[in-house]
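Data block below; observations after.
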Amino acid sequence: MTMNDDTTGGGSAVTVRGLVKHYGETKALDGVDLDVREGTVMGVLGPNGAGKTTLVRILSTLITPDSGAANVAGYDVVRQPRQLRRVIGLTGQYASVDEKLPGWENLYMIGRLLDLPRKVARARADELLERFSLTDAAKRPAATYSGGMRRRLDLAASMIGRPQVLFLDEPTTGLDPRTRNEVWDEVKAMVGDGVTVLLTTQYMEEAEQLAAELTVVDRGKVIASGGIDALKAKVGGRMLRVRPVDPGQLQPLAAHLDELGLSGLARATVDAESGSCLVPILSDEQLTTVVGAVSARGITISAITTELPSLDEVFLSLTGHRASAPQDTVPAETREEVAV
């Protein structure tokens, strides 16, 4: 499995072409293409089971793809896994540090496993504990840390080897807003230092805060990609929210609005949580058309509002459902761990 040299140039830190991965009858990835520019954050969004975590596991050499090709920091993920592991970092949903060891020893141990000289490993552990505000807890076992402290320690561990590319798989799952903001600040600082980040997240605010570009995956396929503003434009200039008095009219209303073919860009979607139907519109004339069509159908409306689409509504419009928390799961018996 190889990739032509000309596909990895042009400032791409991560290049993926036609990536496929099966778990039995389930196709976790179905021909995924992806490019991440050096020194930027690529946000990968998708509902549960979309294939996000499978993608990260392949790119970080934890599992191998069935077909396709992937190149990270100039290394082929299948043919050059040992070299690749020296230039990447990985933080998953849950902290993976050794809870019996103090924070400092966790970082020092990882530094030595990465073949850092003892003096360098010590200095790097001290530096990162200070950077992540963990110096006061350096000698305490990680088991005594709060959830936010463990997450910061996990991020610090992923930075020990000064990675060129960092994979963050749901890095702020379960964190309180203050700690989440601290993690965001650290990710921004890493990117400022030249690190390339591939971020999977279910938090739309997190994607908007950190990502320069987004890739939306669903059922193992890339269904949209580009800048945030470009994706918002893809589903229309404004979002029209129509709330019928009878929630039972939501599906018929969405189907009727689809028949109008207003924007030709995205389908009307049902937001059951708010009891509304969302449809992208591009002009005031389309707004008038919707109001007239709803009235003609005899559907009683309690409210109609227009607003710029949020990233969450973009996601809803593209996938047909909202982002939902935790990751797609992979059957334990099908995980292919790669020996270090």
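The values are calculated or read from the model by the stated rules, or taken from the named source; none is laboratory data. None of the values given here were measured: they were computed from a predicted structure. Please note: Cβ atoms are built from the backbone with ideal geometry, for glycine as well, and neighbour counts cover all protein chains shown. Surface areas here come from the heavy atoms of the whole protein model, side chains and all, with no ligands, DNA or RNA. Shrake-Rupley method; radii C 1.70, N 1.55, O 1.52, S 1.80 Å.
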Restricting segment 114-148 to residues that are more than 24 Å from residue 178 (Cα to Cα) and touching a residue at least 40 places away in the same chain (Cβ under 8 Å), the one most open to solvent (accessible area, probe 1.4 Å) turns out to be 114
Check off (1) open to solvent by less than 50 Å² (accessible area, probe 1.4 Å); (2) within 18 Å of the chain's Cα centre (by Cα) for residue 185 and give me the number that stays unchecked.
(1)
In segment 99-136, which residues are part of a loop (DSSP other than H, G, I, E, B) and either out of contact with any Leu (no Cβ under 7 Å at 6 or more places or on another chain) or farther than 20 Å from residue 174 by Cβ (or both)?
99, 100, 101, 114, 115, 116, 117, 133
For segment 231-252, what are the residues that are outside any strand (DSSP E or B), at pLDDT 85 or above and open to solvent by 20 Å² or more (accessible area, probe 1.4 Å)?
245, 246, 247, 248, 249, 251, 252
Strands (runs of 3 or more DSSP E) within segment 137-230 that include 3 or more residues at pLDDT below 85 and more than 25 Å from residue 113 (Cα to Cα)
none
Looking only at residues that are open to solvent by 30 Å² or more (accessible area, probe 1.4 Å) and out of contact with any helix residue (DSSP H, G or I) (no Cβ under 8 Å at 6 or more places or on another chain) in segment 253-268, which one is modelled with the lowest pLDDT?
264
Scan segment 6-14 and tell me whether some residue there is touching a helix residue (DSSP H, G or I) at 6+ places or on another chain (Cβ under 9 Å), at pLDDT 95 or above and part of a strand (DSSP E or B).
yes
Only residues in segment 272-294 that are exposed (fewer than 15 other Cβ atoms within 10 Å of the Cβ) count as the first member; pair them with residues that are at pLDDT 85 or above, Cβ under 8 angstrom, at least 6 apart or cross-chain, and list the lot.
272/247; 272/250; 274/241; 274/243; 291/304
